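Structure, as structure tokens:
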Amino acid sequence: MSGWTVIIVLIANLVAGSLFWRFAPKQDRTVWRSTVSLMLAMMYLMWAFTYLCQLHPLIEPRRSDLRPEFAEKI
Amino acid sequence: MTEEAIFRSANMVLVQVYMASEIARDCVWVLGEMGSIEFLDLNEGVNSFQRAFVEETRRLDNTERQLRYLEGVMREQGVEEPREAYGGAYGGAARQPSRDLEELMQRTPQTTSEMDAVVKAVAEYEQGVREMAETYRGLEKRQQGLQEERSVLEGTRKYFETRMSYDGYRDGDDGSSDRNSSDRFTISSNDSLLTQEERAEGFGPDDVGLHDLEAAPSTGAGPMPRESSVNILGTAMGVVCGTIETDKFAILERILWRTLRGNLYMARVEIGAPVVDFDTGEEQRRCIFAVFTHGGGLVARSRAVAESLGGRVVEVPGSHRAYAVAVHGVNGKLADVQRVLAGTAERLAVELKEVAGQLAGWRAAVARDKAVYAAMNRFDYDPARRCLVAEGWMPRGDVGTARAAMVDVADRRGVDIAPVVSVVDSHLTPPTFFRTNKFTAAFQAIVDAYGIASYREINPGLPAIVTFPFMFAIMFGDMGHGLILTLAAACLCLAESAIARQPHRGEIFDMAYSGRYVLLLMGLFSIFTGFLYSDLFSRPVTLFASRWAYPAGFKEGQTVSATQTGVYPIGLDWAWHSAENTLLFANSYKMKLSILMGFIHMSYSLQLSLANFRFFKSRVDIIGNYIPGFLFMHCIFGYLCLTIVYKWCVDWIGLKRVAPSLLNMLINMFLAPGTVDHQLYPGQGPVQLVLLAVALVCVPWLLLYKPLALRRAHNHSVALGYSEVLSGPSEASSLASSHSHYSSLRPSESESHVLSPSNSLSPSNSHSSSFSHPPPLPFNFADIMVNQVIYTIEFCLNCVSHTASYLRLWALSLAHNQLSSVLWNMTLRNSFVAYSERGFWGCIIVVLLFALWFVLTVAVLVCMEGTSAMLHSLRLHWVEAMSKHFQGEGYKYTPFSFYRLLTSDDDS
């Protein structure tokens, strides 16, 4: 997994969004389109930022309460 | 299919309706069922008492008053209105407005004769009920009087008996017979005349309330005792007994002391239960008083004083036999009164039950008819041609239906002059009308609480459907808390029809109920963000294997660091949860996330302003406001956001380079342009110089372009000799009124052609108020300049402060996360100990601590924190996002609709 995942998911999202845009329900179409597109966009952004920030972290988790016999299981 | 009217408000047209006066009522009725016209008041100058249909309105007002009276009596008598299907105070009479022609044709208006029948029936019932109720009240009053009298008789008798038997209380008939205890025994046996029932009512005298107030030495022998007199110490004393309000007893006492010069003896006994005063409806406490004095004049005077203070004087016969007769008489009268009272109450209840069944229907009929006449009072009435002219705002799509429905009314009534509905051109600003449904209504309410969008402006309520709950969820992110919220909202949504039928909901509950779909989305998005934060009731979500591996082979207590084995696919790696430096990482992540989401939110809102300017064809606003604003914002904060993402993408440790601080970079961009401490990317210095230069150029651009362009346009038109014509919908003058008035620039279509040719009523537009042009605003360069200076300063400062304001997303989400983990550590976690340590008690402690933890979670973390996060999200929308594009200078569309009439504020 690398930074490309972000691009791939973006493309998948765009495809899903445009498909929905095309086949949105006739009733309340504007509401459906706007809500679903915005929802996809915001959820994607949130995920992407979370993913990106862990791509090359500058610090690593550190703990001192670990017991050696459990270390392998974590 | 009608237009949706949610992205922009519905396209409204001003329609003029001409109708013959004989069918006007039916026409208005149909429009009321349709619920899509807002009538303008064409008689603004006319006093409300001089309008055409005052008589009818007054008649209906009277009926309404009678209905209210009947309702009041019903409440007094405890007769309930049947409410099988709750539809407010009007029963099920409220029907959804319909824009379907077929359905409209079936909803026939109630005829005037039906209405007359209702009015007559109500009046008859009211009269009958009023008579009966008055009789009832009279009887009740009488009953109370008798009861009072009886308690006086009893109270005084007891008093005499206990206090004065020694001193010489004597039966008048027995004369000088020995006054021993046998006398008292007879009296106490006579007490049985006072029925037991009375004591049950709590009407008997209060034994503890006996007071000796004054004991005036009675000296001189008074003249002959009248009937109510007692012999004290061998002296005949006059007695005045009765009841008086407890508060007034002291006054009575003082006045009597003064007027009788101290020649009296007073006593009082409290009556246990408070008495309801029938005239004022208030409860008051009364007490029995007895005044002993001598001399007919003094007795008469005390009696007058007592009566003037609202006291009630009761004759208490001095003789024992007379006393017994009096008590007997009173009891007999009381029994009669009570019998009649019961009969009257029964008849009244029967009558009221009859009324109760029909009350809702009557109320609806009267309210509708009254609304029809109120609407017709706003019309222009032409008595000569016997026609009414109405004007009102209507969504363009509904005009055809309205026209057809009204023609249908004329056909049915056999009137050959069909009503004419014509669309007229006007310079008035139409009302803002968004067609909402039960899902979008709550989101629209959030925006409307801030301001009503200008006519045809982009509705910020539409994107708010997602952004509002999502911004909330960023602050509230926790799967468990989100789940609780979702479940609660889902209950409200699933039971919505049952809740809607409930007659009286609490205010807080009603708020949650009306916002149930908002809460549902808030909960769902919180589950999503909670999953990304890897928080479930502050515990990690270990769905995927952690991408951090701790090394093997270390001693216990030694600090170990993990090494990365990959990128956690969705959300934060849960290995951070138990790490010591978790805050260091989470802070950096959440802070950057807030800036990015905030900037994207604001940028999105700014693009809406471009869409607005384009829709209103305001070129000067695009060039003078949007473009410089866009450049300024994106050159500084857009650049910051790009560098944040770029910094994430570079493997600084792998490249063995120093990761630059972005905050310092941004500060240095202004303080030391061109110099870079730690390079982020090659060519960074010059790029930042260019960006800074662009941003700086944007300030004077934003400041000067629009005012100067407007002035040039104005001067140009003046030079061409158009200064007089500028009042029309020309671009320059409307724009001149300020940046915010672009809404008046809508394309003016001339649609004043009459669309229904088969008529003999020729519309004459002269009397219509809506054709008067608004006075042209004079071009004032100074005003425009000042406005623009304010706008520029605001925009530039807001770019900084609003971006910083989005950091609240970080702060609140951090606080929420920390609070929930503290709660976990303080309560539930302490209960998990080995069985050997606490034994069976440990199990019970788990249960108890779980209860504590759960209650605190719901109360503090979900309710309190949720409210706070919601308010912050609200602010982010109202201030940070909406300031980028929202004008909010419209006014709300309030159509004439029976449905609205019968469903809103009916419980007041």
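The values are calculated or read from the model by the stated rules, or taken from the named source; none is laboratory data. Everything numeric here is computed off the predicted structure, so don't read it as measured data. All Cβ positions, glycine included, derive from the backbone under ideal geometry; neighbour counts span all protein chains shown.
Against the definition (surrounded by 18 or more Cβ atoms within 10 Å (Cβ to Cβ), away from chain A (no Cβ under 14 Å) and touching a residue at least 60 places away in the same chain (Cβ under 8 Å)), how does B:ARG516 come out, yes or no?
Yes: the conditions hold for B:ARG516.
Answer yes or no: is there a residue in region B:311-329 that is among the charged types (D, E, K, R) and without any contact (Cβ under 8 Å) to a residue 40 or more places away in the chain.
no
From the list B:ALA449, B:ALA464, B:ALA473, B:ALA498, exactly one residue is within 30 Å of B:SER594 (Cβ to Cβ) and without any contact (Cβ under 8 Å) to a residue 12 or more places away in the chain. Which is it?
When all the criteria are applied, what remains is B:ALA449.
Go through region B:270-306 and count every residue that is touching a residue at least 24 places away in the same chain (Cβ under 8 Å) and more than 26 Å from B:TYR136 (Cα to Cα).
Matching residues across region B:270-306 total 17.
Go through (1) in a helix (DSSP H, G or I); (2) away from chain A (no Cβ under 14 Å); (3) more than 28 Å from A:PRO57 (Cα to Cα) for B:LEU608 and report which single condition fails.
Going through the list (1) in a helix (DSSP H, G or I); (2) away from chain A (no Cβ under 14 Å); (3) more than 28 Å from A:PRO57 (Cα to Cα), B:LEU608 breaks only (2).
Looking only at region B:626-675, which residues are over 24 Å from A:TRP4 (Cβ atoms), surrounded by fewer than 18 Cβ atoms within 10 Å (Cβ to Cβ) and among the hydroxyl-bearing types (Ser, Thr, Tyr)?
Correct list: B:SER661, B:THR675.
Tell me, please, whether a residue that is in a helix (DSSP H, G or I), facing another protein chain (nearest Cβ under 7 Å) and free of Cβ contacts under 8 Å to residues at least 24 places away in the same chain can be found in region A:65-74.
Looking through region A:65-74, at least one residue is in a helix (DSSP H, G or I), facing another protein chain (nearest Cβ under 7 Å) and free of Cβ contacts under 8 Å to residues at least 24 places away in the same chain.
Residues checked against (1) among the polar types (S, T, N, Q); (2) at the interface with another protein chain (Cβ under 8 Å from one of its Cβ atoms); (3) buried (at least 18 other Cβ atoms within 10 Å of the Cβ); (4) assigned to a loop (DSSP other than H, G, I, E, B):
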| position | (1), (2), (3), (4) |
| --- | --- |
| B:SER546 | yes, yes, yes, yes |
| B:PRO551 | no, yes, no, yes |
| B:GLY571 | no, yes, yes, yes |
| B:GLU580 | no, yes, no, yes |
| B:SER594 | yes, no, yes, no |
| B:GLY598 | no, no, yes, no |
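Could you please tell me which pairs satisfy a Cβ distance under 9 Å, a separation of 6+ or placement on different chains, a first residue in region B:6-31 that is within 14 Å of chain A (Cβ to nearest Cβ) and in contact (Cβ under 8 Å) with a residue 40 or more places away in the chain, and a second residue that is assigned to a strand (DSSP E or B) and not hydrophobic (A, V, I, L, M, F, W, C)?
B:SER9/B:THR432; B:ALA10/B:PRO395; B:ALA10/B:THR432
From the list B:VAL420, B:VAL407, which one is surrounded by 18 or more Cβ atoms within 10 Å (Cβ to Cβ), at negative phi and of a type in the set (A, V, I, L, M)?
From the options B:VAL420, B:VAL407, the qualifying one is B:VAL420.
Which pairs do you get when a residue that is in a helix (DSSP H, G or I), found in region B:706-729, comes within reach of a residue that is at pLDDT below 90 and polar (S, T, N, Q), reach meaning Cβ atoms under 6 angstrom, with the pair 6+ apart or on two chains?
Every condition considered, the pairs that remain are B:LEU726/B:SER733.
Name every residue in region B:519-544 that is assigned to a helix (DSSP H, G or I), more than 9 Å from chain A (Cβ to nearest Cβ) and of a type in the set (Ser, Thr, Tyr), in order of residue number.
Passing the criteria: only B:SER526.
Restricting to region B:864-878, give me the number of residues that are exposed (fewer than 15 other Cβ atoms within 10 Å of the Cβ), more than 17 Å from B:PHE443 (Cβ to Cβ) and not hydroxyl-bearing (Ser, Thr, Tyr).
Residues in region B:864-878 being exposed (fewer than 15 other Cβ atoms within 10 Å of the Cβ), more than 17 Å from B:PHE443 (Cβ to Cβ) and not hydroxyl-bearing (Ser, Thr, Tyr): 1 in total.
Filter region B:834-874 for residues that are among the β-branched types (Val, Ile, Thr) and touching a helix residue (DSSP H, G or I) at 6+ places or on another chain (Cβ under 8 Å); which is nearest to B:GLY482 (Cα to Cα)?
Applying the filter and picking the extreme gives B:VAL862.
Please enumerate the residues belonging to region A:13-60 that are out of contact with any Ser or Thr (no Cβ under 8 Å at 6 or more places or on another chain), closer than 18 Å to B:PHE439 by Cβ, assigned to a helix (DSSP H, G or I) and within 9 Å of another protein chain (Cβ to nearest Cβ).
The answer is A:ARG29, A:THR30, A:SER34, A:THR35, A:VAL36, A:SER37, A:MET39.
Report yes if B:SER9 is modelled with pLDDT of 90 or more and buried (at least 23 other Cβ atoms within 10 Å of the Cβ), otherwise no.
yes
Return yes when B:MET511 is of a type in the set (A, V, I, L, M, F, W, C) and either within 11 Å of chain A (Cβ to nearest Cβ) or within 14 Å of B:GLY477 (Cα to Cα) (or both) and no when it is not.
no
What number of residues in region A:3-12 are assigned to a loop (DSSP other than H, G, I, E, B) and surrounded by fewer than 10 Cβ atoms within 10 Å (Cβ to Cβ)?
Here the count works out to 0.
Could you count how many residues in region B:764-799 are in contact with a helix residue (DSSP H, G or I) (Cβ under 7 Å, 6 or more places away or on another chain), surrounded by 15 or more Cβ atoms within 10 Å (Cβ to Cβ) and at pLDDT 55 or above?
Within region B:764-799, residues that are in contact with a helix residue (DSSP H, G or I) (Cβ under 7 Å, 6 or more places away or on another chain), surrounded by 15 or more Cβ atoms within 10 Å (Cβ to Cβ) and at pLDDT 55 or above number 13.
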